[in-house]
Structures are given as C-alpha cells and as structure tokens.
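The values are calculated or read from the model by the stated rules, or taken from the named source; none is laboratory data. As the structure is a computational prediction, the values presented were derived from the model and not from experiment. Glycine also receives a Cβ, built like all others from the backbone with ideal geometry; neighbour counts cover every protein chain displayed. With ligands, DNA and RNA removed, areas are computed over all heavy atoms of the protein, side chains included. Shrake-Rupley method; radii C 1.70, N 1.55, O 1.52, S 1.80 Å.
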Amino acid sequence: MYRNNVEVSIPADDIAARVRELGQRITEDYRDRRLVLLSVLKGSFVFTADLARSIDLPLRVEFLGVQSYGDSTTSTGVVQITQDLTKPIEGEDVLIVEDIVDTGLTSSYLMNHLQHRGAASVKLCALLHKPAKTAVPIDISYLGFTIGDLFVVGYGLDAAQRYRNLPDLCILKE
Ligand code: PRP
C-alpha cells in the first residue's frame, strides 16, 4: 500500500481551513480589481482549484507551465516555461499561485516576467514556504504554512511525478 510510504504532515482539514482564510483575505483585497489567478503547473493545480472556489469574486484563472526541478529533488535554478498563457495579462491584477516557495527562484523569475508582460500588479500566493532553502528575497503576500527543510508530497506536490493526488500534505519516508 503506497500510503505506508508517507506520513501526514498537514492534514487535509487544516489545509482546507487555511485556504478558506486566504480566500477571504484575497476577496477583500481584490474587490473592484481585475483578478487573474495564475496557477503555476503542475504543483499548484490542487491548491488553485480550492483557492479559486474560496474567493468570492468574478476572477479569471490562467495556467503557466514551468519546470524548475525536473525529476530531481533539488533546484537547478533554471526556470523554463513549458506551457505559456493563452491570453494576454496586460492590465490585469495577477496573483501567482504556487504550491511551494523553496529557493524562491521560480517565483522571483515569474514576478519579473509578468511585470514585463504588462500586468497592472503582480503578487504571490503560496501554500508553503521553506525558509531554510530560500536563496533570493521574495515577498509572499498570501502564505498558507511555513515548513521545515523536509521533502513533502501530496496536495499537488510530487516525488518524480507521483503522489500529487494525496489529499494531505505528507512527508515521504525513506
Ligand atoms: C516546484 C514548485 C515551484 C518551484 C519552487 O515546481 O511548484 O514552482 O518548484 O521551487 P523554487 O522556489 O526553488 O524555485 P517543480 O519544478 O517541482 O515542478 P512541478 O510544479 O511540476 O512539480
């Protein structure tokens, strides 16, 4: 049973409660704005689906494919866009939705990149932040949880593309 290989770190109920709180804050902050949730694939697809439904605004959802790790567990520092936006984001208030900020290289690159593409504003919402690994200054406007230097899977996060479907955030056992 593959679940014997994992240990629950943040249960699904705790994630759901935190996501609802973030959604309420975003709803208040983006009232009368042109909110676009920019989901950074693949890891943030689960978080984006829950977050979008906890925001009470007529928002737009866009997806950007980014690969920064490959199947390795450490950052290469190379950010590659694997799937681009289908519509321009000029004049829109973009909120980047990330599952995790680790070194910060991906989010930092994307924030600059989207500003250059003419977004009216660019902010970052991340479910997880791993400060032990963070290498560049990064402003996370909406943060779910701060975690230690552990390799986590589930709720969208993978180990070599597996485990994204686990409802809880889990630690992979050796
Ligand atoms: C993860 C995560 C972020 C990035 C964060 O993506 O989704 O995009 O790494 O790391 P950083 O802060 O060190 O840049 P990953 O490359 O694992 O791809 P995935 O989302 O497809 O799993």
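Brief remarks follow.
- Against the criterion of being hydroxyl-bearing (Ser, Thr, Tyr) and open to solvent by 10 Å² or more (accessible area, probe 1.4 Å), TYR2 qualifies.
- Single residue of segment 20-60 satisfying the filter (away from the ligand (no atom under 16 Å from the Cβ) and assigned to a strand (DSSP E or B)) that is nearest to the chain's Cα centre (by Cα): VAL36
- Tally of residues being over 29 Å from ASN5 (Cα atoms), within 12 Å of the ligand (Cβ to nearest atom) and not in a strand (DSSP E or B) across segment 116-145: 4
- Any hit, segment 146-159, residues being open to solvent by 20 Å² or more (accessible area, probe 1.4 Å), more than 30 Å from ARG3 (Cβ to Cβ) and more than 8 Å from the ligand (Cβ to nearest atom): no
- All conditions but one from (1) among the polar types (S, T, N, Q); (2) outside any helix (DSSP H, G or I); (3) loosely packed, with under 12 Cβ neighbours inside 10 Å apply to THR103; the one that does not is (3).
- Conditions (1) surrounded by fewer than 17 Cβ atoms within 10 Å (Cβ to Cβ); (2) at pLDDT 95 or above; (3) acidic (Asp, Glu): number failed by ASP71: (2)
- When SER108 is tested against the conditions (1) open to solvent by 10 Å² or more (accessible area, probe 1.4 Å); (2) more than 9 Å from the ligand (Cβ to nearest atom), the lone failure is (2).
- Subset of segment 5-19 (residues that are open to solvent by 50 Å² or more (accessible area, probe 1.4 Å), over 30 Å from ILE81 (Cα atoms) and in a helix (DSSP H, G or I)): ASN5, ASP13, ASP14
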